[in-house]
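Structure record follows, encoded as structure tokens.
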Amino acid sequence: MPSLIVSSPAAILARLPPDLQTNLARAVAVGAQQGARMWLVGGVVRDLMLGLPISRDVDLAVEGDPMALAPALADALGGRIQATHAAFGTATIAIPGYTFDLARTRIERYPQPAVLPEVEPAPISADLIRRDFSINAVALELRADGLRLHVGALLDPFDGRIDLAAGRLRLLHAVSLRDDPTRILRGLRLAARLNLTPDAAARAQIAAALEQRYLALLSSERVLSELCLTLEEPQPAATLQLSDAWGVTEQLLPGLAWTPALAARFERSAAQPELHELLPSDTGPWLCAGLLLFDQPDPLAPLAHYGLPTPLSRLLHEIPSLRTASPVLAAPLSGGALDALLQPFSPLGLIVLHYAEPSTANAIGQYLYVLRPQRPPLNGRDLQRLGIAAGPQIGQLLAELRKVYLDGAVTSREEAEAWVQAARGRRQDAE
């Protein structure tokens, strides 16, 4: 964690990217036209004070009506409204480069443990009181003069800056984890990411909440969302290791524990990030989940009661077959045989295997970078022009042609056409 923590509003403003300053100035000006005031709040202010890169998701507390403000902001900033939640007074606006999360300043009441709160509007001072940790109960007032952003007061009623400097994680309320058990997982991520240590009161509250099994009261959707955020951390391995130390893992993923083998697996993934570029940007959490669950007899079992996204569900279904394929990949294989063995698997599954079993790395690299992108000289339409009737025979011939092409037995279009005619003759003779 950086040692230099700035706390003057001007110094914090100076750390905001120029394009974000311009967009915030526009947002403040639009808000002022509707009588609304705005603050940067929570994690973005905390990270600016620390000099850390800020997320593209920018939290804005609004004294006013975000529901009425959102359409005007989206129009002024060239963005679009992604979501609104009237019951909570929140709206999300996507603009080029950023997402603005608007939330009406409010107070909350939790009628039962682990349920969503009842809310009502309140000033910013009351809004900060309802938050989870002292380091998140900070807000920076925003003002604007045309397209120039200015800042007013930095609100820090619970001395979050002091806790940051001391490396301390401190809860604001005695029943904070009872009200919202997801704060355990949020605190876990913060502690791992910023190298924070819970103070004595927080340690006692975490232990009591786990003993009461408040996490079990959460809906599977909320838990899965928190698990995904954990796997999206810059250093997910550190978070997962700390999760074991706190006693959280056993309540969320029974049977799973951090091991030296897992540590080595995550280290290989971090040291060889080039393979990540072969995957869509939103599959990072699923890659981490695959590494985490690779050794489980039934990788789906720890997550069976969660509604899994399709890419993750497919990956976890693939893992047993990937484990079976692993020893085969250690032996020399022709290009065609390697392609036929690995083609049924998703690139995500193969990359998980690459990191989980180092002995497979060369074969998987050859397949992903050399074999998979190649295309034989003929396609299905070409085979039909050669007189092959549409039907299953087309697919079978294409699969066989791909194998001989990758083995080097066929290298040109002419050779491929001759091979197809010979293969058709052999089939006819066999019939």
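Quick notes on this structure:
- Within the set [x] 32, 27, 20; [y] 52, 27, 20; [z] 47, 30, 19, the number that semi-axes √(5λ) of the Cα gyration tensor in Å takes when calculated for this structure is listed as [y].
- Within-14-Å neighbourhood charge of Ile5 [Cβ basis; K, R +1; D, E -1]: 0
- Cα shape, the stretch 81-171, gyration tensor, a/c 1.5 rule: oblate
- The chain, helix-only ellipticity at 222 nm - DSSP H runs n ≥ 4, -39,500 (n - 2.57), divided by all residues, nearest 500: -15000 deg cm²/dmol
- Gained length - Ala208 relative to Ser281, 0.36 nm times residue gap less alpha-carbon distance: 22.5 nm
- Candidates Leu177, Leu73, Gly43 compared by Cα position along the dipole of the chain: farthest toward the positive end lies Leu73, with charges placed on Cβ.
- Using Cβ point charges alone (K and R +1, D and E -1), the dipole size of the chain about the Cα centre works out to roughly 240 debye.
- Seen against the Cα atoms of the chain and their longest principal axis, helix 220-231 is set at about 80 degrees.
- Accessible surface of His276 - all protein chains present, 1.4 Å probe, nearest 10 Å²: 70 Å²
- The figure for Thr99 is an accessible area of roughly 30 square angstrom, using a 1.4 Å probe on the protein chains alone.
- This model, with +1 at the C-beta of Lys and Arg and -1 at the C-beta of Asp and Glu, gives the stretch 244-382 a dipole about its Cα centre of some 360 debye.
- Rounded to 5, percent antiparallel among DSSP beta bridges of the stretch 36-128: 75 percent
- Accessible area of Met67 (1.4 Å probe, protein heavy atoms only, ligands and nucleic acids ignored): about 60 Å².
The values are calculated or read from the model by the stated rules, or taken from the named source; none is laboratory data. Bear in mind that the values here come from a model prediction, so they are computed numbers and not experimental data. Note that each Cβ is placed from the backbone with ideal geometry, even for glycine, and that neighbours are counted across all protein chains shown. Just so you know, the surface numbers come from the protein's heavy atoms only, side chains and all, with ligands and any DNA or RNA stripped out. Shrake-Rupley method; radii C 1.70, N 1.55, O 1.52, S 1.80 Å.
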